[in-house]
1. Name every residue in the stretch 95-130 that is part of a helix (DSSP H, G or I) and exposed (fewer than 12 other Cβ atoms within 10 Å of the Cβ), in order of residue number.
2. Give the residues of the stretch 80-129 that are without any contact (Cβ under 8 Å) to a residue 60 or more places away in the chain, acidic (Asp, Glu) and under 19 Å from Leu17 (Cβ atoms), sorted by residue number.
3. Hey, among Glu118, Glu128, which residue is of a type in the set (D, E, K, R), under 26 Å from Asn30 (Cβ atoms), modelled with pLDDT of 95 or more and not assigned by TED's automatic domain parsing to the domain that holds Thr28?
4. Which one of the conditions (1) more than 21 Å from Thr119 (Cα to Cα); (2) in contact with a helix residue (DSSP H, G or I) (Cβ under 6 Å, 6 or more places away or on another chain); (3) at pLDDT below 95 does Ala29 fail to meet, given that it meets all the rest?
5. Residues Ser69, Ser85, Ser57: which one is over 15 Å from the mean Cα position of the chain (by Cα) and modelled with pLDDT of 95 or more?
6. Looking at Asp112 and the list (1) at negative phi; (2) modelled with pLDDT of 95 or more, which single condition is not satisfied?
7. For Asp90, only one of the following conditions fails: (1) buried (at least 16 other Cβ atoms within 10 Å of the Cβ); (2) modelled with pLDDT under 95; (3) over 15 Å from the mean Cα position of the chain (by Cα). What is its number?
8. For the stretch 89-122, how many residues meet the condition of being acidic (Asp, Glu) and touching a strand residue (DSSP E or B) at 6+ places or on another chain (Cβ under 7 Å)?
Amino acid sequence: MITLEHAAIWTKDLERLKEYYCDFFGGTANTKYSNIAKGFSSYFLSFDGGARLEIMSMVGIEDNANDRSKEQYLGIIHLAFGVSSQEEVDAKAIELSNAGYPILSGPRKTGDGYYEFETLDPDNNRLEVTVKL
């Protein structure tokens, strides 16, 4: 059996990003790991469904190329968080919007059978919140 073990995100503000994913998406952080010699620190965030997200910080990492426009780029473009109902999608969109995070599209029904919206985290990483209809 092959599983996707985790995804990782670089950030300049490790604590801010940890709080965002824990507060808005129910992540649970492990103890912070630091390698002083490399100037590297990270947290692994675990989610109820079994997925994990590693957030990492290190001197010299370039800024994210994503912005608030509709532009897309090759490569990994977003993380998707699943919820169990359309009402939960709507509620999360309202919660994030009220907290000052942009809603880039949706909530909407997609042609492939989902209900979702797209937003940005504090570092402009694209996120979807989605439910299979």
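The values are calculated or read from the model by the stated rules, or taken from the named source; none is laboratory data. No experiment lies behind these values; they were computed from the predicted model shown. In this analysis, Cβ positions are derived from the backbone assuming ideal geometry, glycine residues included, and neighbour counts consider all displayed protein chains.
1. Once the filter is applied, which keeps residues that are part of a helix (DSSP H, G or I) and exposed (fewer than 12 other Cβ atoms within 10 Å of the Cβ), the stretch 95-130 yields only Asn98.
2. Glu118, Glu128, listed by residue number.
3. Testing whether each residue is of a type in the set (D, E, K, R), under 26 Å from Asn30 (Cβ atoms), modelled with pLDDT of 95 or more and not assigned by TED's automatic domain parsing to the domain that holds Thr28 leaves just Glu128.
4. Among (1) more than 21 Å from Thr119 (Cα to Cα); (2) in contact with a helix residue (DSSP H, G or I) (Cβ under 6 Å, 6 or more places away or on another chain); (3) at pLDDT below 95, the lone unmet condition for Ala29 is (3).
5. Matching residue, one of Ser69, Ser85, Ser57: Ser85.
6. Of (1) at negative phi; (2) modelled with pLDDT of 95 or more, only one is false for Asp112: (2).
7. Going through (1) buried (at least 16 other Cβ atoms within 10 Å of the Cβ); (2) modelled with pLDDT under 95; (3) over 15 Å from the mean Cα position of the chain (by Cα) one by one, Asp90 breaks only (2).
8. The number of residues fulfilling the criteria is 4.
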